[in-house]
Amino acid sequence: MRIIIQRANQDFGPYSIALLERYIAEGSLTPHDLARKEGEPVSASLPLSKLLVQCGGTIPSLGNPFQTALQNLKSFDLRLLFPWGTIRSFSWLKDRRLIYLASVGLAPAIALTLAPGVWAGYWAIALYFSALWALFFYYLFRTPQVTPRLCFLCFGFTGIVSISLLLMLNRVWPWSVLMTMAQSTKFLPRLVGMFFGVGVHEELCKASILFWLVRRPGVHLVPQTAVFYGMISGLGFGIYEGVHYQMSINREFGTDGAYLLNIARLTSLPFLHAVWTGIAGYFIGFAGLYPRRQYGLWVVAIGVPALFHAIYNTFGWGILGLGSALLSVVLLSTYLVNVQKMQRQLAVP
C-alpha cells in the first residue's frame, strides 16, 4: 500500500509505509500531516499518524522527553539564542517595525518608571494616548499642507495658553453664572449652561489657534487642513481636562468607577474633543477662503460643535448623549465628503 502526503494544497508521493515511518523519525514529515491512500479523493485525507495505524504501520517514538529536550538544548547554537554581537552592533535599530513596536508597547512603562511623582505619571500616560490619537489622525486626515511644527503649536497653544485664559474667564461674569447653571439639576437651565457656559466657551478655547492659522498673510489653508489642525488642538484640550479630572473628580468615585472614568478620559473623550474642534476647523477653514462669509461661518464653527458638546454633557452616557457623540463623528465625515459642494455654494455671490 502506498500513501500520498498533502502539504500546502500540493500532493507528494506516493510513499511506502516503511519510508513514511523513516521520514517521521527523521523529522521530514510530522504525524499531523494530511495523508490519504493512493487512488482515494482528497476528501478522504486523514492525519498521517491515524492513517499509518489503520494501515498497520507505527509512529516512531521520540524517546524519553527529558533526554530529548536535553539533547535539543545541547544542539542549539548559543550565538543564535543570545546574539550579543548583533545587539552590540545596534543593527537592530534599522528595523523600523521593532522601533514602532517597542515605542508603543514600552513607552508607558518607561514613562512611569522615570516619572518623579504620581502627577507626572498621569501626565505621561495622557501624553502617550494623545500621541497615539495624533498618529491615528495623521494617518487618516493629513494633507500636504500639514507640518509637524504647526501640529505641536496647535497642541501646545491650546493645552497651555487657551486653557489658562479659559480658567480665568470661568471666574468672571457672565461665565461664572453660566457655569453654575451647568451644574443645575433642572433640565433647561442645565442645557443652557452647558451650551453657553461650557460648549461655546470650550469650543472657542480650542478653536482660537485656528482663527490665526487661516488668516496668516500669504497662507491659504484648505478646509481639510484646518480640520486636521483642529483635531490636534482638541487633543491639547483633552489631555489637560483628562488629567484634571483624573486627579480630582474621578477620585471621588469608587475604585471601579474611577478606573472606568480614567479610561474614558484617555480614549473616547479626547477623541470627542478632537472631533468637535475638527468640525470647527472645517468652517473656520472655509471662512479663511471666503472672507465675505466669514462671520456666519464663525458662528456655525462654534455653534454646531458647542451644541453637540452641550447635549453630550447634559445626558452623559445615556442614549441621547452617546447619540450626539456618534452624530458628531458622522457629521465630520459628511462635511469632508461635501467639501466641493460647500465650495460651490460659498462661491455664489
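At 4 °C and 1.567 mPa s, grab the translational diffusion coefficient of the chain from Stokes-Einstein with a Kirkwood Rh over Cα pairs, rounded to a whole number in µm² per second. Spell out each step's value before the answer.
On the way: Rh = 25.3 Å.
Approximately 51 µm²/s, per Stokes-Einstein.
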**OP:** For the stretch 293-335 and the stretch 98-125, compute the distance between their C-alpha centroids and round to whole Å.
**Re:** 33 Å
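Hydropathy first: keep DSSP H helices in the chain averaging at least 1.6 on Kyte-Doolittle, then drop any whose Cα extent along the axis falls short of 18 Å, and list what survives. Provide the component values of the computation, followed by the final result.
Details: long enough: 96-114 (24 Å, 1.35); 118-141 (34 Å, 1.46); 200-213 (20 Å, 0.81); 223-246 (34 Å, 0.32); 268-289 (32 Å, 1.29); 294-315 (32 Å, 1.06); 319-337 (27 Å, 2.12).
What comes out of the filter, once short or polar helices are dropped, is 319-337.
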Original post:
Dipole of the chain (Lys/Arg Cβ +1, Asp/Glu Cβ -1, origin at the Cα centre): which of 261, 289, 12 lies farthest to the positive side?
Top reply: 289
Original post:
residue 37: which lysines have alpha carbons under 28 Å from its alpha carbon, excluding same-chain residues fewer than 8 sequence positions away?
Top reply: 50
**OP:** Report the paramagnetic label zone for residue 75: residues of the stretch 26-40 whose backbone N is under 13 Å from a point 7 Å from Cα along the Cα-to-Cβ axis.
**Re:** 26-29
Original post:
Relative contact order of the stretch 118-347: what whole-number percent is it, with Cα pairs under 8 angstrom and at least 6 residues apart?
Top reply: 23 percent
**OP:** Go ahead and run the numbers for FRET between residue 42 and residue 326, Cβ-Cβ distance against an R0 of 45 Å, rounding to 0.05.
**Re:** 0.40
Original post:
Between the stretch 225-240 and the stretch 155-219, what's the alpha-carbon centroid distance in Å?
Top reply: 14 Å
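Can you tell me which of 74-80, 161-167, 201-207 comes out highest on packing, and rank the rest after it, using the mean Cβ neighbours within 10 Å? Walk me through the intermediate numbers first.
Values: 74-80: 8.3, 161-167: 15.7, 201-207: 24.9.
Ranking the peptides 74-80, 161-167, 201-207 by packing returns 201-207, 161-167, 74-80.
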Original post:
Looking only at the stretch 107-146, which residues have a backbone nitrogen under 20 Å from a spot 7 Å from the Cα of residue 339 in the C-beta direction?
Top reply: 134-146
**OP:** Kindly state, to the nearest 0.05, the FRET efficiency for residue 251 paired with residue 95, given R0 = 41 Å and r defined as their beta-carbon distance.
**Re:** 0.45
Subject >> Paramagnetic reach from residue 132 (point 7 Å along Cα→Cβ, amide N under 20 Å) across the stretch 230-252 >> reply: 231-247
**OP:** List 141, 136, 211, 228 from most exposed to least, where exposure is judged by having the fewest other Cβ atoms within 10 Å.
**Re:** 136, 211, 141, 228
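Taking a ≥ b ≥ c as the square roots of the eigenvalues of the Cα gyration tensor of the stretch 2-74, is the shape rounded (a/c under 1.5), prolate (a/b larger than b/c) or oblate? If you can, show how the numbers build up before the last one.
Numbers: a/c = 2.60, a/b = 2.06, b/c = 1.26.
Prolate, since a/c reaches 1.5 and a/b exceeds b/c.
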Original post:
How much length is gained on full extension from residue 347 to residue 267, taking 0.36 nm per residue of separation minus their Cα-Cα distance?
Top reply: 24.9 nm
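Bear in mind these aren't lab numbers, they're just calculated from the coordinates by the rules spelled out. Nothing here was measured: the structure is a model prediction, and the numbers come from that model. As a convention, Cβ positions derive from the backbone with ideal geometry for all residues, glycine included, and neighbour counts pool all protein chains shown.
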